[in-house]
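The values are calculated or read from the model by the stated rules, or taken from the named source; none is laboratory data. For clarity, every value in this text was computed on a predicted model and none was experimentally measured. Because the Cβ atoms are built from the backbone with ideal geometry, glycine has one as well, and the counts that use them run over all protein chains shown. These area figures cover heavy atoms from the full protein model, side chains too; ligands, DNA and RNA do not enter into them. Shrake-Rupley method; radii C 1.70, N 1.55, O 1.52, S 1.80 Å.
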Protein chains: 4
Amino acid sequence: MVVRAAVAGASGYAGGELLRLLLSHPQVEIGALTAHSNAGEPLGALQPHLRPLADRVLRPTTAEVLGGHDVVFLALPHGQSAAVAEQLGDEVLVVDMGADFRLADPADWEKFYGSPHAGTWPYGLPELPGARAALAGTKRIAVPGCYPTAVSLALFPAYAAALAEPEAVVVAASGTSGAGKAAKPHLLGSEVMGNMTPYGVGGVHRHTPEMIQNLGAAAGEPVSVSFTPTLAPMPRGILATCSAKAKPGVGAEQLRTAYEKAFADEPFVDLLPEGQWPSTAAVYGSNAVQIQVAHDEAAGRIIVISAIDNLAKGTAGGALQSMNIALGLPEDTGLSTIGVAP
Amino acid sequence: MVVRAAVAGASGYAGGELLRLLLSHPQVEIGALTAHSNAGEPLGALQPHLRPLADRVLRPTTAEVLGGHDVVFLALPHGQSAAVAEQLGDEVLVVDMGADFRLADPADWEKFYGSPHAGTWPYGLPELPGARAALAGTKRIAVPGCYPTAVSLALFPAYAAALAEPEAVVVAASGTSGAGKAAKPHLLGSEVMGNMTPYGVGGVHRHTPEMIQNLGAAAGEPVSVSFTPTLAPMPRGILATCSAKAKPGVGAEQLRTAYEKAFADEPFVDLLPEGQWPSTAAVYGSNAVQIQVAHDEAAGRIIVISAIDNLAKGTAGGALQSMNIALGLPEDTGLSTIGVAP
Amino acid sequence: MVVRAAVAGASGYAGGELLRLLLSHPQVEIGALTAHSNAGEPLGALQPHLRPLADRVLRPTTAEVLGGHDVVFLALPHGQSAAVAEQLGDEVLVVDMGADFRLADPADWEKFYGSPHAGTWPYGLPELPGARAALAGTKRIAVPGCYPTAVSLALFPAYAAALAEPEAVVVAASGTSGAGKAAKPHLLGSEVMGNMTPYGVGGVHRHTPEMIQNLGAAAGEPVSVSFTPTLAPMPRGILATCSAKAKPGVGAEQLRTAYEKAFADEPFVDLLPEGQWPSTAAVYGSNAVQIQVAHDEAAGRIIVISAIDNLAKGTAGGALQSMNIALGLPEDTGLSTIGVAP
Amino acid sequence: MVVRAAVAGASGYAGGELLRLLLSHPQVEIGALTAHSNAGEPLGALQPHLRPLADRVLRPTTAEVLGGHDVVFLALPHGQSAAVAEQLGDEVLVVDMGADFRLADPADWEKFYGSPHAGTWPYGLPELPGARAALAGTKRIAVPGCYPTAVSLALFPAYAAALAEPEAVVVAASGTSGAGKAAKPHLLGSEVMGNMTPYGVGGVHRHTPEMIQNLGAAAGEPVSVSFTPTLAPMPRGILATCSAKAKPGVGAEQLRTAYEKAFADEPFVDLLPEGQWPSTAAVYGSNAVQIQVAHDEAAGRIIVISAIDNLAKGTAGGALQSMNIALGLPEDTGLSTIGVAP
């Protein structure tokens, strides 16, 4: 089986990471690569690490260019995916790495994104309950946001097992690639090196409703999420520190058991041995998720910490994993759990 | 007035930062510098940035060497300060930059430090209610821990004004200098660059009871603190993300007002204009504290974020500020609020 | 004596560093601050580390705004200083932190900058032979480039003492602030962290003729310079590795002696003890220059390594040092040789 | 064909990187893993990024444990490989990632390493003239040093084509993993972040005679090398800036042609398009070498810049590439030219 794949938005970080992974996927043949302002340039000038594709010339993002592939990955600014997807037809697998089809509630969408709701597609976080069934054979995939990937995987087992009160507190640190490749002064190396700073504080970050949606589904009741993202001086990686009050009577052992059970058969989730803590370096460039749990008896809280590579499992790796499921390929085809460290 | 100061532990990061600041203090004359394993070496080989002291030779940490000064700063491993302080006599101002005299409750001390409790000295966080009065004229100062400095300043106004429920959740990122200068594999540059990782998770970090003590005093009732420290890829700085449920009826305006009032006359606390967020880079090398507050209405939580330089305001700067108060000098003598950025 | 100083270009890195230093200068009163696209904004939004000036509003860069000061610092794009200086009149001390008045040879200027030559002003590198005499009482100062500062200080003693053949090879690593605050994709944190890359290779960097001019003057004969700058993953600092063939018969001892003699009375140059090497961290935020020399007998070369802070001694500190000389103030007023480390 | 491989020194950075690569090699089955002080520990505690090997327990480095494999990789302190290799017998392919068998001249070895010379094995830098022939079928491989890899590849074409005078000047920046995993104070994250510093200056670095050996062989005459290594604030990567005077009459075109010819068929060497410069980020985690050349007409010098990943092509990748040749496998088996960026 040969899967011919096109990538819209190949000049950015998400597109570049996807291409890095696709180059190692044995079934994928890389087709059209498109961009907006960089159309006409060779990829080698923009993504010099993708040496085998250095001579490929970026084309404009049109349905004509993207047509004729088995899979089309969209790494576009939000609000643009629906129009492209429609033109591609129902036979093509469209994997949207943007936000457009993640939220089920139109009100949430409009509040956080300020534009009309486009709809909902099967959600590409296979580890969530029921997700694999929805992805199998689908022609449309909504890839989760990077933070919701880290946070949902960290907390859904606690909610699914009814161990945690429905008020989660999340503080996450992200590498700068999560902010994209657009040149903005506050993202200059001079500004970010040696610096930690928060942004989107107080419930206004766009990934918040996505976390609420996922955790609420796991809990079977509404869950509130207090989410504070911070920018860390590293190119990649998310470290999410997630906590919630433990339900009465819940202890460390029960917690550990629930997580062991939840992730027993997961190829990409690494519930670490007790005493070992997740680190973003250990998952650098890989599709792995490191998770560790703790019970703070004095504070009465469950603490769950997860580490992912925001570009890999958090975006492009997650997209590929879901594509594999949709196409009936082994889920880990072309995906590695080995980090590049130190 | 000339203040003759000795520094015990001059080879480490806390001692080095203190010397950097003392060199700019117009009243201080730097006397004996001591160390343990580095005794006999010139300071220039260990602290090459402290050029004016390059030829000073480190001496052993004994009462004899430290005697005859007006102020003695102790940057020693915990458990060692009491014996030294006793030998120095009651007329000398002893500023303990270690943990020995911070905790009032012997049980807390023994649980977290595993050794007999040495006592309690006036606590060197002048911004806390009542702290300045206790520091004025004292001959003994317990300098706070770096995390408790960042967290107590962030949250005490909310507790003092009865705006927050007594269950705080804190996630803080620290630069690596907070872990000291002892060579340990996990602190190697190769390990920490590009990496975020937690440690001391689940209520076991030694700074936890100190935060609980400070916030409980502000609240007038016991406050629990769920504290998760993380190691960030930067040499200096702490960014503390602190939150608690808002008491019923509390809103954004009330919150802002309480913080404006709490810090109106504080020379080192910078409650940022709305819309601007603390960053560790902005306080690099300075004694300033940047604070910003937010109210997450949907989650019902108050979020307060603070940034400090862990070595400056978090250790050596805080020590100097408290020394100034104890000696009756203007509180900001020799201390700057200007960061070194970018 | 009160010196009223204006700063044109206060929103950039050079302007910001100058303001950081001016705030500690006991004789300077900070007057008008101007900017181009940021005119109208409060400085606190652009330079959050300069807390005492947070409420100052940036004004447009016009002769009217800059008039009425004792000193005007220009941190402008090249080609703009001459027009401004002319309007300010001959009584005002104008310190140009740009390149316009550095090069004596119009042909060099035109070749490297592509615009008409504006002239030559006294050169603000006081440590060079004859420089202090030219600066004393002057009303016009051309502040050197950051790389020429590091390289000229490293090599002029070897050339002045006729120890080196007139063909220098220089490879220098610079922190990213040297590239300024304009948002360009290749300067994003995601691009520069974990990355070393050269630029301006092959003799095309604009600082090359300035080095040739300085070293040729010291040697009394033309000196060629092969200069390769590289961008290092740090916000500040230049490490310059400079070498030249030793003249016949020159050895290590002769070399050391020449450097000891050249820098014996220099307040800001730190010829390190043998066995200790310069590091950019040790001069972070300071006006100090660290230098070390070596003689590679097998290769027959003299190697001289210097470390400076590109924004401090390399730009704003050098400007202030030269201003002090021009105004007859002690040369080190408001300038520190203590680095902020670690 | 299944190749059973053992790794001695699996707890260090070189050993860890080798295992990362071996895990992707389709013919290799990973056998015994040994260590010195870490023997008895699970690999997961030391190399958490190597998830598939997390439960492997490290064994002591003895001939007994290493016996019975097809290939044994030695990542041992220098001076220890000869004894181990002897005990393994002549039928086993021994790949020494240490220095013991690199230098042909016993005097060089003794001068730089201070111990008796062990001999010379076929040199594992396949791109050098004649190297592949010597590696084919060999049972002993000496893997080059990381700096000599970067420098020899950069300069050998110029010397082989008689374009450069036999006096090379090299300044190279290395990531901290090149210094290994042993915990030393100057390698702490607090020390290296934000810092550039040289070491081994003046011809004393142990990699110098190796470069001289390689370049002399290419030139057919003795070549002197002035080599200055610097430590850069990044975990991985070497950027080598190499230059030499151009022989009379040599120009840019001739230079470019020589390099195009030298690397036309090299699978891992990427002579970049004109105008594009090597960066360590682009080869992060890959076996690729980026090279660019320039002719500085004014200075009369050839400048060649190369970028490699010191752990990959510079150590473990080079080892694997040479193993492939020795075993008659396609040279690029299990090796990627795609970097992990940003």
In sequence order, calculated HN-Hα J values of the range A:14-30 (Karplus, 6.51, -1.76, 1.60; Hz; x Gly/Pro)
5, x, x, 5, 4, 5, 4, 6, 4, 4, 9, 8, x, 9, 8, 10, 7
Can you pull the percent of the range C:121-204's accessible area that's carbon plus sulfur, 1.4 Å probe, other chains left in place?
61
Distribution of pairwise C-alpha distances over the range C:136-193, 5 Å bins, in %:
4, 12, 18, 14, 15, 14, 12, 8, 4, 0
Could you tell me the relative contact order of the range A:75-208? Use alpha-carbon pairs under 8 Å, at least six residues apart, and round to a whole percent.
21
For D:Pro60, place a label point 7 Å from Cα along the Cα-to-Cβ direction in every copy; what are the distances to the other copies, in nm, shortest first?
3.9, 7.2, 8.2
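State the antiparallel share, in %, of DSSP beta bridges confined to chain B, rounding to the nearest 5. List each step's numbers first, then the result.
Working: 25 of 55 bridges.
Of those bridges, close to 45 percent are antiparallel.
Indicate the gyration tensor shape class of the protein assembly as shown (rounded, prolate or oblate), computed on the Cα atoms with a ≥ b ≥ c the square roots of the eigenvalues: a/c under 1.5 is rounded; otherwise a/b larger than b/c is prolate and the rest oblate. It would help to have the intermediate numbers written out before the result.
On the way: a/c = 1.34, a/b = 1.01, b/c = 1.32.
Since a/c stays below 1.5, the shape of the protein assembly as shown is classed as rounded.
Can you tell me the dipole magnitude for chain B around its Cα centre, using point charges on the Cβ only (Lys, Arg +1; Asp, Glu -1), in Debye to the nearest 20?
The dipole of chain B has a size of about 540 debye.
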Which semi-axis lengths, in whole Å and largest first, follow from the square roots of five times the eigenvalues of the Cα gyration tensor of the range D:69-133?
19, 17, 9
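Which FRET efficiency, nearest 0.05, do B:Glu260 and B:Ala104 yield, Cβ-Cβ r, R0 41 Å?
Numbers: r = 30 Å, r/R0 = 0.73.
Computed FRET efficiency for B:Glu260 and B:Ala104: 0.85.
Return the FRET efficiency for the residue pair C:Ala182, D:Ala252: r is the Cβ-Cβ distance, R0 is 22 Å, and the value is rounded to the nearest 0.05.
Values: r = 31 Å, r/R0 = 1.39.
Rounded to the nearest 0.05, the efficiency is 0.10.
Counting only Cα atoms, I'd like the Rg/Rh figure for the range A:22-167, Kirkwood definition for Rh. Please list the in-between numbers first.
Details: Rg = 17.6 Å, Rh = 17.3 Å.
Rg/Rh for the range A:22-167 comes to 1.02.
Return the calculated 222 nm mean residue ellipticity for chain A, to the nearest 500 deg cm²/dmol, obtained by summing -39500 (n - 2.57) across DSSP H runs with n ≥ 4 and dividing by the residue count.
Working: 11 runs with 93 residues, N = 342.
About -7500 deg cm²/dmol.
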Taking chain B as the reference, fit the longest principal axis to its C-alpha atoms, fit the long axis of helix B:208-219 to the helix C-alpha atoms, and give the angle between the two in degrees, 0 to 90, nearest 10.
60
Could you run the Karplus curve 6.51 cos²θ - 1.76 cosθ + 1.60 with θ = phi - 60° over the range D:139-149 and give me ³J(HN,Hα) per residue in whole Hz, x for Gly and Pro?
10, 9, 10, 9, 6, x, x, 5, 4, x, 4
Checking the a/c ratio against 1.5 first, then a/b against b/c, what shape does the Cα gyration tensor give for the range D:105-176?
oblate
Suppose we compare each residue of the range B:173-199 in its chain alone and in the full protein complex with a 1.4 Å probe; which ones drop by at least 40 Å² of accessible area?
B:Ala183, B:Leu188, B:Ser190, B:Glu191, B:Met193, B:Gly194, B:Asn195, B:Met196, B:Pro198
In Å², nearest 100, what accessible area do chains C and D bury in total when the solvent probe is 1.4 Å?
3200
Along the positive direction of the dipole of the range D:161-236 (beta-carbon charges: Lys, Arg +1; Asp, Glu -1; about the Cα centre), which of D:Pro185, D:Val171, D:Thr208 reaches farthest?
D:Pro185
The convex hull of the Cα atoms of the range D:236-275, divided by residue count, gives a volume in Å³ per residue of 102
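Would you mind finding the longest exposed-site-free stretch of chain C, with exposed GluC sites (Glu not before Pro) meaning DSSP loop and at most 13 other Cβ atoms within 10 Å? Walk me through the numbers on the way to the answer.
Working: sites that count: C:Glu91, C:Glu274, C:Glu297.
Result, exposed sites excluded: C:92-273.
Normalised by the empirical 2.2 N^0.38 Å for globular proteins, what value does the Cα Rg of the range B:1-64 take? Write out the running numbers ahead of the final one.
Values: Rg = 10.9 Å, N = 64, 2.2 N^0.38 = 10.7 Å.
Cα-based Rg divided by the globular estimate yields 1.02.
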What is the ratio of the Cα radius of gyration of chain B to 2.2 N^0.38 Å, with N the residue count, to two decimals?
0.96
Hey, if you drop one equal point scatterer on each alpha-carbon of the range C:180-228 and run the Debye formula without solvent, what base-10 log of I(q)/I(0) do you get at q = 0.16, 0.22, 0.26, 0.32 Å⁻¹?
-0.62, -0.82, -0.94, -1.11
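From Cα pairs below 8 angstrom and at least 6 apart in sequence, can you work out the relative contact order of chain D, rounded to a whole percent?
Answer for chain D is 17 percent.
So with the 1.4 Å probe, I'd like the accessible area per residue for the protein assembly as shown, rounded to whole Å². Could the numbers behind the result be given before it?
On the way: 43340 Å² over 1368 residues.
Value returned for the protein assembly as shown: 32 Å² of accessible area per residue.
Determine, for chain C, the count of lysine pairs separated by eight or more sequence positions (or lying on different chains) whose alpha-carbon distance falls under 26 Å.
Values: C:Lys111/C:Lys181; C:Lys111/C:Lys184; C:Lys139/C:Lys313; C:Lys181/C:Lys313; C:Lys184/C:Lys313; C:Lys245/C:Lys261; C:Lys247/C:Lys261; C:Lys261/C:Lys313.
Summing the qualifying lysine pairs gives 8.
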Taking the Cα centre of the range A:151-293 as the origin, how large is its charge dipole in debye, to the nearest 20, when only Lys and Arg (+1) and Asp and Glu (-1) carry charge on their Cβ atoms?
440
How far apart are the D:Ala133 label points across copies, placing each 7 Å from Cα toward Cβ, in nm, shortest first?
6.6, 6.7, 9.2
Long-range amide H contacts for C:Val28: which residues qualify at under 5 Å (H placed 1.01 Å from N, peptide plane, sequence gap of 5 or more or a different chain)?
C:Val3
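If you take the square roots of the eigenvalues of the alpha-carbon gyration tensor of the range B:110-241 and sort them as a ≥ b ≥ c, do you get rounded (a/c under 1.5), prolate (a/b over b/c) or oblate?
On the way: a/c = 1.90, a/b = 1.48, b/c = 1.28.
Since a/c reaches 1.5 and a/b is larger than b/c, the shape of the range B:110-241 is classed as prolate.
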Return the inverse of the average 1/r over all pairs of distinct C-alpha atoms in the range D:245-299, which is the Kirkwood hydrodynamic radius, in Å to one decimal.
12.5
Taking H as built 1.01 Å from N, whose amide H comes closer than 5 Å to the amide H of C:Arg301, not counting residues under 5 places away?
C:Ala246, C:Asp296
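How big is the Cα convex hull of the range A:271-342 in projection, averaged over all directions, in nm²? Provide the component values of the computation, followed by the final result.
Values: hull surface 23.7 nm².
Mean projected area for the range A:271-342: 5.9 nm², to one decimal.
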Between the range A:43-102 and the range C:9-27, how many Å separate their Cα centres?
47
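Take every Cα-Cα pair in the range A:169-295 and report what % of them are more than 23 Å apart.
On the way: 3437 of 8001 pairs.
Distances greater than 23 Å cover 43 percent of the Cα pairs.
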Let me have the relative contact order for the range C:148-257, percent, based on Cα pairs under 8 Å that are six or more residues apart.
47
Return the sequence-ordered ³J(HN,Hα) values of the range D:172-186 in whole Hz as given by the Karplus equation 6.51 cos²θ - 1.76 cosθ + 1.60 applied to θ = phi - 60°, using x for Gly and Pro.
10, 10, 10, x, 6, 5, x, 8, x, 9, 5, 7, 10, x, 6
Interchain or sequence-distant (5+) residues whose placed amide H lies within less than 5 Å of the amide H of A:Asp100 are A:Gly79
